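I have a structure I would like to understand better, so I am pasting it below and will then ask my questions one at a time.
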Amino acid sequence: MNADSQTLMQTVNFVYIISSILFVIGIKMLGKADTARKGNIISAVGMLIAVVATLFDRQILKAAEPMSWALLVGALAVGSIVGYLVAKKVKMTSMPEMVALLNGFGGLASLLVGWADFYYRGMTSSISNMVSGGLPTFTLVATILAVLIGGVTFTGSVYAWGKLSGKISGRAQVFKGQKIVNAVIALASLAFSVSFCVVGDPQTAHLCLIASIILSFVLGFAAVMPIGGGDMPVVISLLNSLSGLAASAAGFVIENNVLIVAGCLVGASGVILTVIMCKSMNRTLSNVLFSGFGAAGGAKGGKVAGEMKPMSVDDAYYVLEAAQNVVFIPGYGMAVAQAQHAVKELATILENNGAEVSFAIHPVAGRMPGHMNVLLAEADVPYEQLKEMDEANRILETADVAVVIGANDVVNPAAAEDKGSPIYGMPIIEAYKAKTVLALKRGKGAGFSGLENALFFRPNTRMVYGDAKATLNELVSKFKQ
Amino acid sequence: MDIILLLFIFTLAAFLGFELISKVPSQLHTPLMSGSNAISGITIVGALIATAGTKDCTFATVLGVVALVLACINVVGGYFVTDRMLAMFKKKGGK
């Protein structure tokens, strides 16, 4: 290596340090409301300069011929255009599945980087008489980790995307002996991984790698399959963490600092976020991942006494018209019905009518933490009206009306009272404390988790059936008359 | 590069990551997840190297190009999606 290329390499690595600093600052700022947007831009700048610096990487300059530049620029252009378009086109309500899908792409990319590196260095290297083409065991271990984690992240994310977007059933899919099957798959992939690292012969190692890739894909599906749609936020958060670790492992493969640091930052912060989310449901991570919670035919909790009492929109109007203190409790149903703007309109009218209005946000309402906040922000609901769970429960004690819009498990009193219920112990928004509960619901079916909601059978609850958005619009027009 | 050095920075980065987001208001969890998801697209750097560094090996190059496109979608899509979400909070904060 001559002096010039050494200086260049040092410069590239120096830029990587700056990138890493920008990522750290970016994540830090993303955690505070008033700096979040700037933080995202700072982290994007870090990404941009890392990509630009990489173009001056020794290996890329070495390959500086028209053909490979065309490939690089072409691939970057295609990826940028597709990424930009999906980001602009996606509806705010489908944001969670979008994040899941993007996350899957990142995982698959890390897998492919590991595979490409092994295929190139391990299979075609001139020193292939050494262990697996002369690659040190450390690199092989990093490669197999990037491949396994990346593969699990990919299919797990795609499955989560399918569940969230309704392309496949949101229910947990469980069958007899599932845990054993999953354990066998995991052990088999472990066996192939170990063989990959120790087998020596590059051709055999490559076959082991391919077997590991296939098994990691199966494992990703199999691991997410028994998890109910209601727990998808936790799963996506965990998969997000995994995709960071996959990138980090890929960084060990190509011995690149910025991949290791950035991937690890994401991996660690994803774990913290996952734990926070599990805590807000009062469950442990292993309970979420392995309990098959909400499966068809699974535990249903105690029988719910009483009956659901329907109420017409006309009567709901009179109830709201007389109310002094109204609390809206949004859930995923609001997102599905795209009802956030209608909710905001009704809230404004109620305020002008002299009522006190607030929104009770359960930490896991919707499909991701903060999902409801994003939607309500889109509809211009003032920040001060959004109440977190503890404060919301204090307000509910004196509230005249609680309007439950497509929320289910997060207002189910069984979580507090029914020891047999699978969601027993989960903190809830205590909607039942309000004098009257209006539950806007599409039909009589059970919620996303598959549980009957005891709230709907309470004497002070009235069901207003129909599409939430249509119901809300009807209420708005009645107020306007 | 020294393996120990690489593991060393990995370990420090892990602890830094744990500390960074220990106290985040819940409404920022989704943008934070989305924003850090974009950062995990850093594997785009690996994809660039894998694409350009394997020019005489078609199969590896193809893997690299696919990785590059996917990582690029993850990065660009991730940042724009996050920005869209945060832009809404901004509007609200201005009230």
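The values are calculated or read from the model by the stated rules, or taken from the named source; none is laboratory data. Computed from a prediction, not measured in an experiment: that's the story for all the values here. Cβ: placed from backbone, ideal geometry, glycine included. Neighbour counts: every protein chain shown.
Can you name every residue in region A:356-394 that is at the interface with chain B (Cβ under 8 Å from one of its Cβ atoms) and hydroxyl-bearing (Ser, Thr, Tyr)?
A:TYR383, the sole residue that qualifies.
The rows are residues; the columns are (1) at pLDDT below 70; (2) out of contact with any helix residue (DSSP H, G or I) (no Cβ under 6 Å at 6 or more places or on another chain); (3) assigned by TED's automatic domain parsing to the domain that holds A:ILE423; (4) of a type in the set (A, V, I, L, M, F, W, C).
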site: A:GLY263; (1), (2), (3), (4): no, no, no, no
site: A:LEU273; (1), (2), (3), (4): no, no, no, yes
site: A:CYS278; (1), (2), (3), (4): no, no, no, yes
site: A:ASN282; (1), (2), (3), (4): yes, yes, no, no
site: A:ASN287; (1), (2), (3), (4): no, yes, no, no
site: A:VAL304; (1), (2), (3), (4): yes, no, no, yes
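Another one. (1) out of contact with any Phe, Trp or Tyr (no Cβ under 6 Å at 6 or more places or on another chain); (2) surrounded by fewer than 20 Cβ atoms within 10 Å (Cβ to Cβ): which one isn't true of B:ALA47, the others all being true?
(2)
Another question about this same structure. So, in region A:247-257, how many residues would count as being facing another protein chain (nearest Cβ under 7 Å) and out of contact with any Leu (no Cβ under 7 Å at 6 or more places or on another chain)?
Summing the residues that are facing another protein chain (nearest Cβ under 7 Å) and out of contact with any Leu (no Cβ under 7 Å at 6 or more places or on another chain) in region A:247-257 gives 3.
Quick one: A:VAL174 ticks every box in (1) among the β-branched types (Val, Ile, Thr); (2) within 21 Å of A:ASP409 (Cα to Cα); (3) surrounded by 21 or more Cβ atoms within 10 Å (Cβ to Cβ) bar one, so which box is it?
Evaluating A:VAL174 over (1) among the β-branched types (Val, Ile, Thr); (2) within 21 Å of A:ASP409 (Cα to Cα); (3) surrounded by 21 or more Cβ atoms within 10 Å (Cβ to Cβ) leaves (3) as the failure.
Report yes if A:ALA439 is under 25 Å from A:GLY229 (Cα atoms), at pLDDT below 85 and among the small types (Gly, Ala, Ser), otherwise no.
no
Rundown of residues vs (1) touching a His at 6+ places or on another chain (Cβ under 7 Å); (2) among the aliphatic types (A, V, I, L, M); (3) at the interface with chain A (Cβ under 7 Å from one of its Cβ atoms); (4) within 15 Å of A:ALA249 (Cβ to Cβ), yes/no style:
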residue	(1), (2), (3), (4)
B:ALA13	no, yes, yes, yes
B:PHE18	no, no, yes, no
B:ILE21	no, yes, yes, no
B:SER34	no, no, yes, no
B:VAL45	no, yes, yes, yes
B:CYS57	no, no, yes, no
B:ASN74	no, no, yes, no
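Right, next: Consider A:MET334 carefully, then state whether it is touching a residue at least 40 places away in the same chain (Cβ under 8 Å), assigned to a helix (DSSP H, G or I) and within 14 Å of chain B (Cβ to nearest Cβ).
No, not satisfied.
Here is a yes/no grid of residues against (1) closer than 15 Å to B:LEU68 by Cβ; (2) surrounded by 15 or more Cβ atoms within 10 Å (Cβ to Cβ); (3) modelled with pLDDT of 90 or more; (4) not assigned by TED's automatic domain parsing to the domain that holds A:ALA109:
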position: A:MET47; (1), (2), (3), (4): yes, yes, yes, yes
position: A:ILE60; (1), (2), (3), (4): yes, yes, no, yes
position: A:ALA63; (1), (2), (3), (4): yes, yes, no, yes
position: A:SER68; (1), (2), (3), (4): yes, yes, no, yes
position: A:ALA75; (1), (2), (3), (4): yes, yes, yes, yes
position: A:VAL86; (1), (2), (3), (4): no, yes, yes, yes
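Could I ask something else about it? Of all helices (runs of 4 or more DSSP H) completely enclosed by region A:345-435, which ones contain at least 2 residues that are within 18 Å of A:PRO96 (Cβ to Cβ)?
A:371-378
Listed residues A:LEU190, A:LEU265; which is in a helix (DSSP H, G or I) and under 30 Å from A:ASN13 (Cβ atoms)?
A:LEU265
Considering only residues that are assigned to a helix (DSSP H, G or I), in contact with a Gly (Cβ under 8 Å, 6 or more places away or on another chain) and under 21 Å from A:LYS344 (Cα atoms), which ones fall in region A:450-479?
Across region A:450-479, the qualifying residue is only A:ALA468.
Suppose we keep only residues that are of a type in the set (A, V, I, L, M), closer than 15 Å to A:VAL326 by Cα and touching a helix residue (DSSP H, G or I) at 6+ places or on another chain (Cβ under 6 Å) within region A:402-434. Which one would you say is farthest from the other protein chains (Cβ to nearest Cβ)?
Per the criteria, the residue is A:ALA434.
Does A:SER237 satisfy being hydroxyl-bearing (Ser, Thr, Tyr), more than 7 Å from every other protein chain (Cβ to nearest Cβ) and either under 30 Å from A:MET9 (Cα atoms) or in a helix (DSSP H, G or I) (or both)?
no
Any chance you could count how many residues in region A:314-336 are surrounded by fewer than 22 Cβ atoms within 10 Å (Cβ to Cβ) and closer than 19 Å to A:LEU376 by Cβ?
Residues meeting the conditions: 2.
Looking only at residues in region A:337-357 that are under 17 Å from A:LYS91 (Cβ atoms) and surrounded by fewer than 18 Cβ atoms within 10 Å (Cβ to Cβ), which one is farthest from the chain's Cα centre (by Cα)?
It comes out as A:HIS341.
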